[in-house]
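Novice: Here it is, the structure, as structure tokens.
FYI, it's all coordinate maths here, none of it is from the lab. Just so you know, these numbers come straight off a predicted model, no measurement behind them. As a convention, Cβ positions derive from the backbone with ideal geometry for all residues, glycine included, and neighbour counts pool all protein chains shown.
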Amino acid sequence: MCLILFAYQIHPEFDLIVASNRDEFYDRPTAPAHFWENQQNILAGKDLLKQGTWLGVTKSGRFAALTNYRNPSEVVEGKRSRGELVADFLKGKQSAYSYVKEKTRSRDLYPGYNLVVSDGRDLYYYSNQESMFHKLTPGIYGLSNHLINTEWPKVTYGREKLGEIIKGEMDTDEPLFQLLKTSDPAPDELLPSTGVSLEWERILSPLFIESETYGTRCSTIVKFTNNEVIFSERIYTRLSMTNQNFCFTIDYAKKVSPPNLK
């Protein structure tokens, strides 16, 4: 996952609105979002190489999503797969607070990452590039391959447009999908310097990425009401685009009520 835009507790109907793109090498085997065979509580795509995921929800109203922190010089050999961070939170019953606090103790086990988790009560952000985690307050956020709300062009533009979209009618996800399909590269003078070549900075600068070997594989929209989860996914291949939609009522019998810690 390389872009997560989300609005938290600022819409009158939806407590959390997420619009995200997963960018990955085209040849990496992937399963689209589905209820996992051995974990029917979890709705998420699956990385078939490492068996983790980049974004998912549960029938009890849990949510987690991940982006990589871009650092080409980082040594990743021997480190654990970042996709297990999302999968483990969705499988578990820990509060969001307890989970991110635990991850600060194992920050060196994984390559650089950004993690957003919600237990249905509180929303937390943590990056293993920092020592602290953050309980998020109401607002509009953007997360790419640096820290949250870093002013990269795609993040700044995405947050601005998300704010405009959610002021209007939310009876269709098409405006959000069109935002995620934005493929205009950023001007060279606004490009970040992350250790890759200028050519790759240009390729990676749009919200929607396309290249010969790497690009946006899917876009996902997730909306949470007080008692319902609405999940829409648009899957891209070189030759086609497919859509799938899920909607379910949150099972409060399975919902953990964690302490509301600061």
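Novice: Tell me the net charge near H146. Cut-off is 12 Å between Cβ atoms, H146 excluded, with +1 for each Lys or Arg and -1 for each Asp or Glu. Could you put the intermediate results ahead of the total?
Specialist: Numbers: positive: R70, K154; negative: E130, E151.
Net of charged neighbours comes to 0.
Novice: Can you give the percent of C-alpha pairs in the chain whose distance is more than 29 Å? List each step's numbers first, then the result.
Specialist: Working: 8495 of 34191 pairs.
That tail contains 25 percent of the Cα-Cα pairs.
Novice: Students often check this: by mean Cβ neighbours within 10 Å, which of 221-229, 141-149, 16-24 ranks highest, and how do the rest follow?
Specialist: Numbers: 221-229: 18.0, 141-149: 21.0, 16-24: 24.7.
Ranking, from highest mean packing down: 16-24, 141-149, 221-229.
Novice: What span do the alpha-carbon atoms of region 72-178 cover on each of the three principal axes, reported in whole Å from largest to smallest?
Specialist: Here the Cα extents, ordered largest to smallest, are 45, 35, 22 Å.
Novice: Treating region 136-221 as a set of equal point scatterers at the Cα positions, no solvent, please give the Debye-formula log₁₀ I(q)/I(0) at q = 0.16, 0.19 Å⁻¹.
Specialist: Normalising to I(0) and taking log10 leaves -0.68, -0.92.
Novice: Treating only the Cβ atoms of Lys and Arg (+1) and Asp and Glu (-1) as charged, compute the dipole magnitude of region 3-254 about its Cα centre; round to the nearest 20 debye.
Specialist: Dipole about the Cα centre, nearest 20: 840 debye.
Novice: For the ranges 59-67, 73-81, what's the packing order if you count other beta-carbon atoms within 10 Å of each residue, average per peptide, and put the highest first? Present the calculation step by step, with values, prior to reporting the outcome.
Specialist: Details: 59-67: 24.6, 73-81: 10.1.
Put in order of decreasing packing, that is 59-67, 73-81.
Novice: Now for a different question. Could you let me know the centre-to-centre spacing of region 104-157 and region 1-75, using Cα atoms, in angstrom?
Specialist: Each part's Cα centre sits 13 Å from the other's.
Novice: Something else about it: Based on Cα coordinates alone, diagonalise the gyration tensor for region 148-198, multiply each eigenvalue by 5, take square roots, and list the semi-axes in whole Å, largest first. The partial results should precede the final answer.
Specialist: Values: eigenvalues 139, 27, 13 Å².
Semi-axis lengths for region 148-198 are 26, 12, 8 Å.
Novice: If you don't mind, there's one more thing I want to ask. Applying a 10 Å radius around every beta-carbon, put 191-201, 157-167, 86-96 in order of their mean neighbour count, most first. Let's see the in-between values first.
Specialist: On the way: 191-201: 13.4, 157-167: 17.7, 86-96: 20.4.
Sorting 191-201, 157-167, 86-96 by mean packing, highest first, produces 86-96, 157-167, 191-201.
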